[in-house]
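Quick one: the structure is below, and I'll ask about it shortly.
The values are calculated or read from the model by the stated rules, or taken from the named source; none is laboratory data. Since the model is a prediction, treat every value here as computed from it, not as a measurement. All Cβ positions, even for glycine, are placed from backbone atoms using ideal geometry, and neighbour counts span all protein chains on display.
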Amino acid sequence: MKLAMIGFGQAGGKIVDRFLDYDDRTNGGIVRAAIAVNSAKADLIGLDNIPQENRVLIGQARVKGHGVGADNELGAEVAEEDIDEVQNAIDSIPTHEVDAFLIVSGMGGGTGSGGAPVLAKHLKRIYTIPVYGLGVLPGTDEGGIYTLNAARSFQTFVREVDNLMVFDNDSWRQTGESVEGGYDQINEEIVRRFGILFGAGEVGDGQEVAESVVDSSEIINTLSGGGVSTVGFASEEVELNTSGGLLSRFTGESGGSDDDLDAANTTNRITSLVRKAALGRLTLPCEIEGTERALLVLSGPSEYLNRKGIERGRKWLEEETGSMEVRGGDFPREEPEVAAAILLSGVTNVPRIKRLQQVAIEAQDNIDDIQQESEENLEELVEDDEDELEPLF
Ligand code: GDP
């Protein structure tokens, strides 16, 4: 699937930057264009791979390149005011070669949190291709304002995109490690999961065509209907057959029985990977029962993939989710691992979001209280008790 990626804000820019690197390393061909939008000049300068001409600085008149702080209302305002500048960069993308837009942003900050939903709304008005979001939730230790920003951005972003895929920083923090220090690893995890998912169907030169191909329309159909998505992933190292794909099947002295054994092993490996992926750590933790649609992508050297395994994995997912729309296919890649990536689309039983909203409401109430209190305190300080003094004017 070919995507036009737009990283909004610092987290968004860094993740899209990393996607370019991943695409290059894996010869993936999924990032047809990459753009970074920010109100902070320094964040744009810090990127490595996004071309200079695709780095758009917004809000210069208002914040002079210094960013909006963690004020996402200001983030939304400057995005709206400077949407033409973003559009100019998008105009240079051959959008007829793109299957969808993907807007990436951290939802806890200011620029991306406020700006990403504004851009989504704008793009949906102009283009007929889908506009997806990849939104990152802040860690719970980042504090009230980040949680409040994320809760408000989440609500708005879901409404404006065709589907919002969510990644929760909180569940990816390594114990004993700050989220800050772990961003590199977290970002690698993000691009690997979404890279395999979106990479399916993008067969490059010299790569084998999959036995049961996942193509972009299947990804689009899984994401259609809107709502919120999460991604599960599991992988296992395997040995690469360096002397060519099918060799092992033809060299065994005992022929057929070895083949049968191989096939059974392959099927078993795939089914257990599918279970691990669905029941393990999801990008957004949630109950998978009740998922509306799902897509299973099995990637790895083609001799380790088979239709029976995928079929079994698909059936198992149907039972676990209760969904009647579970698609599946393979994605042959000459990497020394077999991986299962599962897109669960239209999830609704997500306690993490409910908790986020609760904490956000508490934070909002606290902020209001504190503001009122500090106004009163200031008044008390400035005004003399008996009101004997007169201000100058
Ligand atoms: P903005 O530039 O104002 O949009 O704000 P940032 O993108 O700097 O931060 C928003 C939120 O994104 C933070 O609260 C963090 O939760 C998260 N974040 C920041 N940088 C990264 C990153 O490199 N990776 C990930 N996964 N999350 C990040």
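Mind listing just one residue for me: the one in region 1-16 that is away from the ligand (no atom under 13 Å from the Cβ) and modelled with pLDDT of 95 or more and, of those, farthest from E80 (Cα to Cα)?
The initial filter retains those residues of region 1-16 that are away from the ligand (no atom under 13 Å from the Cβ), namely 1-5.
Those still in the list that are modelled with pLDDT of 95 or more too: 2-5.
Values: K2: 27, L3: 23, A4: 20, M5: 19 Å.
Selected residue: K2.
Suppose we keep only residues that are in a strand (DSSP E or B) and more than 9 Å from the ligand (Cβ to nearest atom) within region 95-108. Which one would you say is farthest from G59 (Cα to Cα)?
Filtering first and then ranking leaves A100.
Tell me, yes or no, whether region 377-388 has at least one residue that is crowded, with 18+ Cβ neighbours inside 10 Å and closer than 28 Å to G144 by Cα.
So far as region 377-388 goes, no, none of its residues is crowded, with 18+ Cβ neighbours inside 10 Å and closer than 28 Å to G144 by Cα.
Next question, about the same structure. Determine which member of the set G7, G59 is touching a helix residue (DSSP H, G or I) at 6+ places or on another chain (Cβ under 9 Å), in the same structural domain as R152 (by TED's automatic domain parsing) and under 26 Å from D184 (Cα atoms).
G7
Would you confirm, using the coordinates I've provided, whether F19 is within 19 Å of the chain's Cα centre (by Cα), under 19 Å from I93 (Cα atoms), near the ligand (Cβ under 10 Å from one of its atoms) and in the same structural domain as E77 (by TED's automatic domain parsing)? Lay out the reasoning, then the answer.
Numbers: within 19 Å of the chain's Cα centre (by Cα): yes; under 19 Å from I93 (Cα atoms): yes; near the ligand (Cβ under 10 Å from one of its atoms): no; in the same structural domain as E77 (by TED's automatic domain parsing): yes.
Taking the combined requirement at face value, the residue does not satisfy it.
Among the residues of region 319-335, how many are of a type outside the set (F, W, Y) and closer than 17 Å to F233 by Cα?
So the count comes out to 10.
Which residues, taken from region 291-320, are modelled with pLDDT of 95 or more and assigned to a loop (DSSP other than H, G, I, E, B)?
T291, E292 - these are the residues of region 291-320 that are modelled with pLDDT of 95 or more and assigned to a loop (DSSP other than H, G, I, E, B).
Please verify whether I83 is in contact with a strand residue (DSSP E or B) (Cβ under 7 Å, 6 or more places away or on another chain), in contact (Cβ under 8 Å) with a residue 24 or more places away in the chain and either within 16 Å of the ligand (Cβ to nearest atom) or in the same structural domain as I30 (by TED's automatic domain parsing) (or both), treating the condition exactly as stated.
Here the answer is no, as I83 does not meet what is asked.
From V68, V31, grab the single residue that is more than 11 Å from the ligand (Cβ to nearest atom) and either closer than 17 Å to I190 by Cα or over 19 Å from the mean Cα position of the chain (by Cα) (or both).
Result of the check over V68, V31: V31.
If you don't mind, there's one more thing I want to ask. Would you say D141 is surrounded by fewer than 16 Cβ atoms within 10 Å (Cβ to Cβ), assigned by TED's automatic domain parsing to the domain that holds V191, closer than 30 Å to R355 by Cβ and not β-branched (V, I, T)?
yes
Name the pairs whose Cβ atoms lie under 6 Å apart, with the first residue in region 63-78 and in the same structural domain as Q155 (by TED's automatic domain parsing), the second within 11 Å of the ligand (Cβ to nearest atom) and among the β-branched types (V, I, T), and 6 or more positions between them or separate chains?
Short answer, once both residue conditions are applied: V68/T111; A70/I145; L74/V68; G75/V68; G75/T111.
Hey, can you tell me all the residues within region 109-143 that are more than 12 Å from the ligand (Cβ to nearest atom), among the small types (G, A, S) and out of contact with any Asp or Glu (no Cβ under 6 Å at 6 or more places or on another chain)?
The one that is more than 12 Å from the ligand (Cβ to nearest atom), among the small types (G, A, S) and out of contact with any Asp or Glu (no Cβ under 6 Å at 6 or more places or on another chain): G133.
Can you pull out the residues in region 335-393 that are among the small types (G, A, S) and under 26 Å from R275 (Cα atoms)?
A339, A340, A341, S345, G346 - these are the residues of region 335-393 that are among the small types (G, A, S) and under 26 Å from R275 (Cα atoms).
Pick out the one residue from A11, A36 that is closer than 27 Å to L295 by Cα, surrounded by 18 or more Cβ atoms within 10 Å (Cβ to Cβ) and out of contact with any Pro (no Cβ under 8 Å at 6 or more places or on another chain).
Values: A36 fails: closer than 27 Å to L295 by Cα.
That would be A11, the only listed residue that is closer than 27 Å to L295 by Cα, surrounded by 18 or more Cβ atoms within 10 Å (Cβ to Cβ) and out of contact with any Pro (no Cβ under 8 Å at 6 or more places or on another chain).
If a residue has to be within 15 Å of the ligand (Cβ to nearest atom) and farther than 19 Å from G106 by Cβ to count, how many in region 35-63 make the cut?
Residues flagged as within 15 Å of the ligand (Cβ to nearest atom) and farther than 19 Å from G106 by Cβ within region 35-63 amount to 1.
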